[in-house]
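Written out below as structure tokens is the structure these notes cover.
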Amino acid sequence: MREETIFSPQISRLRAWTLLADLNRYEAWHPHYRFGPGVVELGNKIDMTWTLMGKQASLEAVIVANENPDTIRWKAATFLLFSIEEGYEIFEDETGLHVRHSFECKGILGLLARPLAGGLRRQMKIQDARFMAATKRTVRSVAPANRHKRRALKVTKGKERRDG
């Protein structure tokens, strides 16, 4: 079973990549994942906590794709009959920047999970919306260029000196 969503954040490709590739900061926007410390490099293993229906599961995520600034993917919950692979791919076209979020269950249990696809898609859309909200927060938190503020202060200070 494979599900994917596409969303279009109004940020630069580099900023989108920075947010998606920093697994340690997912807790700021992702409602279900908490990644442990580790270097995000191809083949590296990183501890992960997945909260699902109020229960937490500790898993080991393996980075299966890390192509700066295009793709980040990890595989988790690899058992004999079941594995989960999730990731984000950044791409651009004439309409702007887009992010493809994909989630795939492989194996026999993945086939049995097909009836859950609607709920999974809803959860992915919630995750995507929280990412979009996080991008807005980061854009707002960046201090605007202060060229005009400095210029205004100089003009004001100059007037004060002439008036006194």
Completion exercise
Yeah, segment 34-88 with a ≥ b ≥ c from its alpha-carbon gyration tensor (a/c under 1.5 is rounded, else prolate when a/b outruns b/c, oblate otherwise) is prolate
Problem - Nitroxide proxy distance, nm - points 7 Å out along Cα→Cβ at A133 and H32 - result: 1.7
Exercise for the section: Quick one: of K45/K106; K106/K136; K55/K106; K45/K125, which pairs are farther than 25 Å apart, Cα to Cα? Expected result: K106/K136; K45/K125
Practice task
Using a 1.4 Å probe and ignoring any ligands, DNA or RNA, find the accessible area of K125 and quote it in Å² to the nearest 10.
Solution key: 120
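If you take the beta carbon distance between L14 and V64 as r and set R0 to 22 Å, what does 1/(1 + (r/R0)^6) give as a FRET efficiency, to the nearest 0.05?
0.45
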Problem - Estimated FRET transfer efficiency (T95, Q56; beta-carbon r; R0 30 Å; 0.05) - result: 0.20
Fill in the blank from the handout: In nanometres, the difference between 0.36 nm per residue of separation and the alpha-carbon distance of R2 and F79 is 26.0 nm
Practice task
Per residue of segment 49-57, in order, report the coupling 6.51 cos²θ - 1.76 cosθ + 1.60 (Karplus, θ = phi - 60°) as ³J(HN,Hα) in whole Hz, putting x for Gly and Pro.
Solution key: 10, 10, 9, 9, 6, x, 10, 9, 10
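Considering only protein heavy atoms, with the full assembly of protein chains and a 1.4 angstrom probe, order D128, D70 by accessible area, largest first.
Final ranking, largest accessible area leading: D70, D128.
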Exercise for the section: Sort M132, M124 by accessible area with a 1.4 Å probe, largest first. Expected result: M132, M124
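The values are calculated or read from the model by the stated rules, or taken from the named source; none is laboratory data. Source: prediction; values computed, not measured. In this analysis, Cβ positions are derived from the backbone assuming ideal geometry, glycine residues included, and neighbour counts consider all displayed protein chains. Accessible surface areas use protein heavy atoms only, side chains included; no ligands, DNA or RNA. Shrake-Rupley method; radii C 1.70, N 1.55, O 1.52, S 1.80 Å.
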